[in-house]
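Derivation of every value follows stated rules applied to the coordinates shown; laboratory data play no part. The structure displayed is predicted, hence computed values, not measured ones. With ideal geometry, Cβ positions are generated from the backbone for all residues, glycine too; neighbour counts draw on all protein chains shown.
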Number of protein chains: 4
Amino acid sequence: MLVMMRRTHSPEELQALLDTIEKLGYTAHVLPGEHSLAVGITGNHSSEDREKLNQMPGVREVIPVSSPYKLAGRSFHPEDTIFQVGDATFGGNHFVVMGGPCAVETEEQTVRLAHAVKAGGAQILRGGAYKPRTSPYAFQGLGIDGLKILATARAETGLPVITEALDLPSLDAVYEYADIIQIGTRNMQNFALLKAASQLDKPVLLKRGLSATIDEWLMAAEYLLAGGNERVILCERGLRHYDPHTRNLLDLGAVLAVRKLSHLPIVIDPSHSLGHKSMVVPASRAAVAIGAHGLLVDVHDRPQEALCDGPQAISPEMFSAMVQTLRRIEAALLS
Amino acid sequence: MLVMMRRTHSPEELQALLDTIEKLGYTAHVLPGEHSLAVGITGNHSSEDREKLNQMPGVREVIPVSSPYKLAGRSFHPEDTIFQVGDATFGGNHFVVMGGPCAVETEEQTVRLAHAVKAGGAQILRGGAYKPRTSPYAFQGLGIDGLKILATARAETGLPVITEALDLPSLDAVYEYADIIQIGTRNMQNFALLKAASQLDKPVLLKRGLSATIDEWLMAAEYLLAGGNERVILCERGLRHYDPHTRNLLDLGAVLAVRKLSHLPIVIDPSHSLGHKSMVVPASRAAVAIGAHGLLVDVHDRPQEALCDGPQAISPEMFSAMVQTLRRIEAALLS
Amino acid sequence: MLVMMRRTHSPEELQALLDTIEKLGYTAHVLPGEHSLAVGITGNHSSEDREKLNQMPGVREVIPVSSPYKLAGRSFHPEDTIFQVGDATFGGNHFVVMGGPCAVETEEQTVRLAHAVKAGGAQILRGGAYKPRTSPYAFQGLGIDGLKILATARAETGLPVITEALDLPSLDAVYEYADIIQIGTRNMQNFALLKAASQLDKPVLLKRGLSATIDEWLMAAEYLLAGGNERVILCERGLRHYDPHTRNLLDLGAVLAVRKLSHLPIVIDPSHSLGHKSMVVPASRAAVAIGAHGLLVDVHDRPQEALCDGPQAISPEMFSAMVQTLRRIEAALLS
Amino acid sequence: MLVMMRRTHSPEELQALLDTIEKLGYTAHVLPGEHSLAVGITGNHSSEDREKLNQMPGVREVIPVSSPYKLAGRSFHPEDTIFQVGDATFGGNHFVVMGGPCAVETEEQTVRLAHAVKAGGAQILRGGAYKPRTSPYAFQGLGIDGLKILATARAETGLPVITEALDLPSLDAVYEYADIIQIGTRNMQNFALLKAASQLDKPVLLKRGLSATIDEWLMAAEYLLAGGNERVILCERGLRHYDPHTRNLLDLGAVLAVRKLSHLPIVIDPSHSLGHKSMVVPASRAAVAIGAHGLLVDVHDRPQEALCDGPQAISPEMFSAMVQTLRRIEAALLS
């Protein structure tokens, strides 16, 4: 449920409320708004308890919330979540471009590409050190060495780094080196990983499962928020599809549904969703036009040598031209 | 197979080739290009026949084509199909806006909305006289009276009209009154209807089946082209989906796949695909940004009174503002 | 709505009710049950009219029915629909085996296979004379000549014949020659075809669309029933699927949902759904075990020569052995 | 690749081969067959190395294997994997029935149900101590206390226990208490969990992901096999579906595809796939008929009180009657 405080409530009244909530065995989430303050309460609760809170001084109203994602939904939190990572602003009307190689291969390659994407307009550097692979025999990433290379690339370019954590040990390592922790499609409902990431003070990008409903996805985000991590970025990366002409089915309509239901920023991965270099640029244009908050895009200058997903990477030149067009579309939307 | 003529071929050489193709029992499709002329040949053919044609004067090369959609694919026809309907140009870099009520209800309503969408920037008036309905008990459209109302609206506004034909009798009627014949999702593989429409000299808009592959869709277009109707517009209108937050799953990636495989124009129906008024405008922005050739959009000024699909219709005011933004995005893509 | 008559009602009271329903502008469907008689009413109706009927003599109760498929659903018709075609009984606890070639090729082939499937336990002969083909260039069936061959095979074996109608002209021809009219997947929502078939006095087998919901399918059956054709057989034939190891996704759970919702018999097509000869026999065993009312199975003795779908046809020997096992499973379910 | 040994090879020749494989940096898997011995080799390998092994004494032939699941596929291992757990035999022509409550609630409930399912013919007791829940606020299981209750139920009935591990800590606990470790749908591609389970000497039941392809599923099994755990049971539990009349789409055709591609046993979960009590019995009959190796079924005597998935649990009476019918169908298949 959601407790709406009076505008005139005192700090003591708030504290008394929080104490009572705790005594009743619930968890309180203080939700400051522009004009008023609300307290979200999670845990099962009786109507008796609800009435008790309703009688407390400073309380304007107690609202039962039936949404299964109380913290990720807009009921508790009508305004967009907006936060900074380096120069990038996630949420609201901002559009963040994250680019880089699918997999970190060598320091030389990563630093070279980091400079290239920065010059092309990227605000965040992406690159995988731990790669989830369908086959146990495929290249699984450089691991900790890859993270160190990403740190070097950040030092050289100033770009914050996003990279994927696969499990609890790699989460610890990624937390140490990265600026944004990526949780991949296959781990969307890895609840142990979500709970661990919910305790960290770095933003988490949560990819949608291959055939997850939007409710399931927001519920997975709820695990992060319920644990205390409020800086969650959602990432649509394509659904399981029967048609061979695209790798997955990019669900841009999900951006609209998520923006209606949730206050969290949502970005698009045009590379993994469609799987073809030639589709990345127009899909990215559609992403900004439909109102996504950003892009996560594979960039490689020697795709034929890439250790992972070469055919879907665009060149730094394509990337740079693309970002310019994206910024023009952004302007066209506002004017 | 595809016969590429020499640039220097004479009309007599071409005629002799066509005669030979006919004698061999095949069908020839003359395909004039900007710089050269090709002749596409449909029907099963032997390698012997292929060699025979290869030896004829004026022939540069005979190319076997394995694509299952010889006429709809780019092999025979690398350049975009471009054609006019009234002031609208389908294909190439043009973006056509078609708008109007889902169903024709009364003359007053239709003429009123026709004026409104014209003022808002529509180039074609849409409106259903024959409605395919899942339930036998639902409103099935005004039929011939609806077509007459559409003709009146055209006379009053000058807008060409697109409306759906459901079966052979309604195809005859629609052919008489409309400027573009629409074939709906459920009829994508109604081969009798496709064959009949292939004989007509009016353009056909062919919607994608609810879970059709892109190959199946282009093959359905092939039925139209093989019968002689070359003015085919494809329309993506959303796929069957498991998520309740959108009515169907808008497959914008299909625009990219179709543009790569086929020379035919492809438009988007943001109204039937997503099913919510609030999603129509951003989805339309994404359609132009990703490179679709146009839009087919439901517009209604009294959606609560609409006899069909009211919740997905946008108002004339939203329509008008939307078209202005779409034109700005178009400009942003070109600059 | 549904009018339940008193057990003691007189024929005059019934007639008066029917007259009143007609005067109110509705359509009445008399539904005799084992112990009582009901009258189903289709058309939109006011609560005022409902009250009027409720007051009539002989009427026990008027029940509003919200199901979108009033005639196909169990509300109006709680008991299974059961009917005979030749020696075969559709519905109830009966299991009908229909077998034969996917396409009629020659008289010799068809008669030979008809004898073979009869000897193997088939009760109905299947064979396609009109073939719906994704490509305009594929073999489209022998048409009327194929129907005549099927009639010959029936004369020689005594087996009733099921074959597909594609459109209105072929429906007329199929009606003349066949015992059961098949309407295929692509035509499940070809409403003109459904309406025409609803007027005929031969049973119709209605295949499920490639991604149709069960409600849409029952609504398509409703078109047949609402037009007066009560002998409808549903046929599950596999859904669109992303996995390449089966051609389509056989939805055996649909048998359970349909049996719960509807009184109509439902059969399985294991050949087109799975697409591999080796899968047909075990899938047919599952069909009888889960409670389907029958099978429609491709049988061919020279699959490598078949003009259509050879790889999915089982041999007459496999068919014969299969039917014996199916009958043993049937017995195992009953004992 | 796969090294086929001569029948006449000596133990020393085999040892020399294994040493060479190790020196080359690969992993060897000795695969004893009925009539011959093969050695599977995983790791990337050059054609040079392949030739080197081909020349070794005792080697008959070296076969390159392109299947992405070398150990799970039939190429290396043509014969069915068969193993015992208590009185149950998994694989081959055996059909194992596993039943019990979805969630362990109390000792009294679990022991009572364990006795009931044993009396009804269950060979393994199922029950969840750790529950993966879409919502962070839902009942998450009793954890270690639940495992202890399961151990008590095993002691009282003699039934081996299967229960789910969610993550590394619960895997340790489950390993200690259970006889079969279950890995759930959401964890099918939790590679850290798969790798850890691959090191354990207890069988693992691996559920299919909600929209996993069969290749992805077998590749996930490959993680278990490649780590050394050869006792893997696959479990089909329904795919993401758009139709509301069943909870998920039970893909019984997957049993056929898996049996063709892999030697591993495959069982069905009719409870979670269809989600309705009334569908469990007929779906289980279909499972045995189509050739599945067993069932995992929810049984509860007070479903309205169940803490988890009550509506899909069948009663002990239904369970008992069902098992009798399943055994009759088994007999019908063999006779």
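Observations on the structure shown:
- For the residues B:56, B:188, B:219, a GNM of chain B with alpha-carbon springs under 10 Å puts the largest fluctuation on B:56.
- Centroid-to-centroid separation of the range B:170-243 and the range A:171-237 [C-alpha atoms, Å]: 44 Å
- Peptide-level mean, for B:234-246, of C-beta atoms on other protein chains within 10 Å: 6
- The spacing between the range D:99-153 and the range B:260-326, judged by their C-alpha centroids, is 52 Å.
- Beta bridges per DSSP with both ends in chain A, % antiparallel, nearest 5: 40 percent
- Global form of the range B:30-185, assessed from the alpha-carbon gyration tensor, a/c cut-off 1.5: prolate
- Dipole axis of the range D:83-334 (+1 Lys, Arg; -1 Asp, Glu on Cβ), positive-most option in D:192, D:239, D:132: D:239
- Taking the number of Cβ atoms within 10 Å of each Cβ as an exposure proxy, the fewest-first ranking of C:230, C:216 is C:230, C:216.
- For chain C, averaging the sequence separation of C-alpha pairs within contact (under 8 Å, six or more residues apart) and dividing by the residue count gives a relative contact order of 16 percent.
- With respect to the axis relating copies C and B by rotation, the chain C residue whose beta carbon is closest, plus that distance in Å, is C:211, 2.
- Helix D:277-290 axis, angle to chain D major axis (alpha carbon atoms, nearest 10°): 30 degrees
- Taking θ as phi - 60° and the Karplus parameters 6.51, -1.76 and 1.60, the scalar couplings of the range D:202-213 work out to 10, x, 10, 9, 10, 6, 6, x, 4, 9, 6, 6 Hz in sequence order, x denoting glycine and proline.
- Among the GluC sites (Glu not before Pro) within the range B:74-153, those in coil by DSSP and having at most 16 neighbouring Cβ atoms inside 10 Å are B:79.
- Net charge dipole size for the range B:83-334 [Lys, Arg +1 and Asp, Glu -1 on Cβ; Debye, nearest 20]: 480 debye
- Going from the fewest other Cβ atoms within 10 Å to the most, the residues A:46, D:75, A:10 appear in the order A:46, A:10, D:75.
- Lys, Arg +1 and Asp, Glu -1 on Cβ, resulting dipole of the protein assembly as shown about Cα centre, debye, nearest 20: 0 debye
- The distance between label points at residue C:335 and residue C:94 comes to 2.4 nm (points 7 Å beyond Cα on the Cα→Cβ vector).
- Loop chymotrypsin sites (Phe, Trp or Tyr not before Pro), the range A:55-118 (other Cβ atoms within 10 Å of the site Cβ: 16 or fewer; DSSP): none
- Exceedance of the 26 Å cut-off in Cα-Cα distance is limited, within the set B:23/B:207; C:118/C:148; B:131/B:260; B:52/C:131; B:131/C:52; A:70/A:195, to B:23/B:207; B:131/B:260; B:52/C:131; B:131/C:52.
- Between copies, the label points of residue A:278, set 7 Å from Cα on the Cα→Cβ line, lie 3.7, 3.8, 5.3 nm apart, reported in increasing order to one decimal in nanometres.
- When the alpha-carbon atoms of the range B:2-63 are used, the pair Rg, Dmax equals 10.5, 30 angstrom.
- Listing B:168, B:334, A:234 from fewest to most neighbouring C-beta atoms within 10 Å gives B:334, B:168, A:234.
- Axis angle, to the nearest 10 degrees, between helix D:144-157 and the longest C-alpha principal axis of chain D: 90 degrees.
- Starting from the label point of residue D:78 at 7 Å along Cα→Cβ, the same points in the other copies fall at 5.1, 5.8, 7.1 nm, in ascending order.
- Shielding value for C:127-137 is 5, the average number of Cβ atoms from other chains within 10 Å of each residue's Cβ.
- Summed over all non-identical Cα pairs, the Kirkwood treatment of chain C gives a radius of 20.9 Å.
- Hydrodynamic estimate: the Kirkwood radius of the range D:62-149 over Cα pairs, inserted into Stokes-Einstein at 20 °C and 1.002 mPa s, corresponds to D of 133 µm²/s.
- Whole-Hz couplings from phi, Karplus 6.51/-1.76/1.60, listed for the range B:183-199; x for Gly and Pro: 10, x, 3, 5, 9, 4, 10, 7, 5, 5, 5, 4, 5, 5, 5, 5, 8
- Simple spin-label estimate for residue C:302 and residue D:278 gives 5.0 nm between the two label positions (7 Å along the Cα-to-Cβ direction from each Cα).
- Take residue A:315, push a point 7 Å out from Cα through the beta-carbon direction, and compare it with the same point in every other copy: 4.9, 5.8, 7.2 nm, smallest first.
- Partner chain coverage, peptide A:222-228 - average Cβ within 10 angstrom: 2
- Residue among A:102, A:18, A:223 farthest towards the positive dipole end of chain A, charges placed on Cβ: A:102
- Rg/Rg_globular for the protein assembly as shown, with Rg_globular taken as 2.2 N^0.38 Å and Rg from C-alpha atoms: 0.97
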